[in-house]
Amino acid sequence: LESVQLIVCMHMYDTGVGKSSIVCRFVQDHFDHNISVTVGAAFMTKTVPCGNELHKFLIWDTAGQERFHSLAPMYYRGSAAAIIVYDITSQDSFPIMKKWVKELKERGPENIVMAIVGNKCDLSDIREVPMKDAKEYAESIGAIFVETSAKNAINIEELFQAISQQIPPFETHENDNSRTIKLRKETAQTTRRCC
């Protein structure tokens, strides 16, 4: 199997929408009710099969606090995909998610794959953001749309598989068994282990 590296950024201005929990569930199949707030950015990896390839996800989980917003471009500029998360139980998180999309369209890579993710679908009884609204918005910008529950492991694998399938095939060079998609030179950043 050929190996492809995908840099993925997880974005949201607000804290508490569940970005870190989604990453923890995907990478470690673990959910922590008391997960600590991301400071700066956390970095994790996971390799998954996709057709005849192995896709290695290099995931930057960026901090939600406004004071870290200025750092976000150095993560998403080198990314093949961006996951923008909102909380289905918080109407306020939906327009903030749209601001991230606007920024990515203006300043991100030209062909970045975007996924709009409504997290906490296990709390649908207190839903504030209708699925129909989010799905229509995602379709209008050509983004993947998924509702997830990091707590109950709903649609987490499916989210990353959908991203894998959206990445266009790349030509391999002779005598080169690995391919890197938009991999930029990494600078030393503060990272933390998830969970």
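The values are calculated or read from the model by the stated rules, or taken from the named source; none is laboratory data. These numbers were taken from a predicted model, which means no experiment stands behind them. Glycine also receives a Cβ, built like all others from the backbone with ideal geometry; neighbour counts cover every protein chain displayed. Heads up: the accessible areas ignore ligands, DNA and RNA and are worked out on the full protein's heavy atoms, side chains in. Shrake-Rupley method; radii C 1.70, N 1.55, O 1.52, S 1.80 Å.
Of note:
- With the simple model of a label 7 Å out from the Cα in the direction of the Cβ, LYS135 to ALA153 spans 2.6 nm.
- Ligands, DNA and RNA aside, PHE43 has an accessible area near 60 Å² when probed at 1.4 Å.
- Links that overshoot a 19 Å alpha carbon limit, given the list LYS102/LYS151; LYS19/LYS120; LYS46/LYS98; LYS98/LYS135: LYS102/LYS151; LYS46/LYS98
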